[in-house]
Amino acid sequence: MNTGDRVRVDRAGEETEGVVLPSSSPETLVLKLDSGYNVGISREDADVSVVESDAYELDREQSDTGSASEVEFDDDLPTISLISTGGTIASTVDYRTGAVTAQFDAEDVLRAVPDLAGRANYRGRVVANILSENMEPSIWQDLAHAVHDEIEAGADGVVVMHGTDTMQFSASALAFMLDTPVPVVFTGSQRSADRPSSDNVMNAVCSVEAAKSDAAEVMVCMHASESDDRCALHRGTRVRKNHTSRRDAFETVGAEPLGYVDYDTETVEFNRETADRDGVDLDIAPDIEEDVELVKFTPNMDPGFLDLCEGKAGVVIEGTGLGHVHSDLVDRIDALTSDGTAVVMTSQCVEGRVCDRVYDTGRDLLDAGVIEGEDTLPGTAKVKLMWSLANASEESVDEAFRAPVAGELTERSTPWQ
């Protein structure tokens, strides 16, 4: 039995038939099923018979992920940098074998997504190869430097391939760290490339089209609906992943997305104001304070949780309604701010604005030194506080946090424009 053979496996009374794929473990047999899905089967006590030898003929040299094919540059096309941090979209199908493997450089991406060919010239680089739940502030800094370097080297746009679970945090971080004269587009995949319903190809294609546009913003590009018709472009500081598995999991909070990319016509249309291409000079402010926590208040919350924040540089509290917590927590918050910890209040409500001037508890929180988070999303608020603490003087953290930097908040309680 060799890779590429069609086999029939009988194990524990269950029969499975498929094409043998490369496996990362000698104890596991990986098969490509006729349905398009991959399955792993323990070899222990498995009876395997070959149905057809070389059902898929493999080009061993080309199947080696370490090899690279030549990418020809066309002077008439823009140059798009493809930067990978890992995640589902970085696991792509090898169309010769059907296997799902980690593919990273520009040549690999073009082999995995042939529809990208002819749209741009590509450069590729790897910043990390991690699951997005393992993302860390130091990698945000590496990513910001990589994007900065690519733009400085002449890239007309950047596409960042990233796991979806923490994409909104990374997009916020880069929005604060970078002044960019070109589009920086985050994209990912809710479903891996071995699944028939994978969204990786459409998301990648639409992201490249968005990176060629004139919106010099940090954006997130993902399916706009469950259909394969268009992708939505969300501002990086105003987006949330609102579903665990749907392909259209990402939504702009409080407004329509910045725009859409039509997959069939390859057109990009914006329905909200965006920053203009070449409107600012390229600049980077990558410093970040890592010692910041995000705490969610709930009824009957143990006040001791705030004691764990003693000595922290900053704490973001996700309060109720207009930005409230139990009155018993006010003294602990006062102690934190008196000790030099910056405390920002946000709201658990999906939309709306924090206002601690309406009720007694809110006024007590203001007296305790709490910074109102305005209508900044809690996750974005954590990233912004990390960035503000590293880039503003101690006396001006309050002012720096409440000043809009990258579209993360509005200055007045009006509908998003």
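Worth pointing out:
- Distance histogram for the stretch 155-254 (every C-alpha pair counted, 10 angstrom bins, percent rounded to whole numbers): 18, 53, 26, 3
- Relative to the 2.2 N^0.38 Å rule of thumb, the stretch 201-287 has a C-alpha radius of gyration ratio of 1.10.
- Loop exposure criterion: trypsin sites (Lys or Arg not before Pro), DSSP state outside H, G, I, E and B, at most 12 other Cβ atoms within 10 Å. Applied to the chain, the longest stretch between such sites is 1-356.
- Using a cutoff of 8 angstrom between alpha carbon atoms and counting only pairs six or more residues apart, the relative contact order for the chain works out to 11 percent.
- Computed [θ] at 222 nm, deg cm²/dmol, the chain (DSSP H ≥ 4; -39,500 (n - 2.57); rounded to nearest 500): -6000 deg cm²/dmol
- Placed amide H near T410: partners under 5 Å, 5+ positions off or other chain: D375
- Cysteines of the chain lacking any other cysteine Cβ under 4.7 Å from their own Cβ: C221, C309, C349, C355.
- In terms of overall dimensions, the C-alpha atoms belonging to the stretch 266-417 reach 54, 31, 27 Å along their principal axes, ordered largest to smallest.
- Within a Gaussian network of the chain (alpha carbon springs, distance under 10 Å), most fluctuating of N200, N391, N300: N300
- For the chain, the number of Lys pairs separated by eight or more positions or lying on different chains, with C-alpha atoms closer than 25 Å, is 9.
- Solvent-accessible area, 1.4 Å probe, carbon plus sulfur percent, for the stretch 117-176: 44 percent
- Contact order, relative form, for the stretch 326-399: 32 percent (alpha carbon pairs under 8 Å, 6 or more residues apart, mean separation divided by residue count).
- Fraction of the pair-distance distribution of the chain above 26 Å, Cα-Cα pairs, percent: 59 percent
- Per residue, the solvent-accessible area of the stretch 205-334 (1.4 Å probe, heavy atoms of protein chains only, all protein chains present) comes to 46 Å².
The values are calculated or read from the model by the stated rules, or taken from the named source; none is laboratory data. Bear in mind that the values here come from a model prediction, so they are computed numbers and not experimental data. In this analysis, Cβ positions are derived from the backbone assuming ideal geometry, glycine residues included, and neighbour counts consider all displayed protein chains. Areas reflect the complete protein model, heavy atoms only, side chains present, ligands, DNA and RNA absent. Shrake-Rupley method; radii C 1.70, N 1.55, O 1.52, S 1.80 Å.
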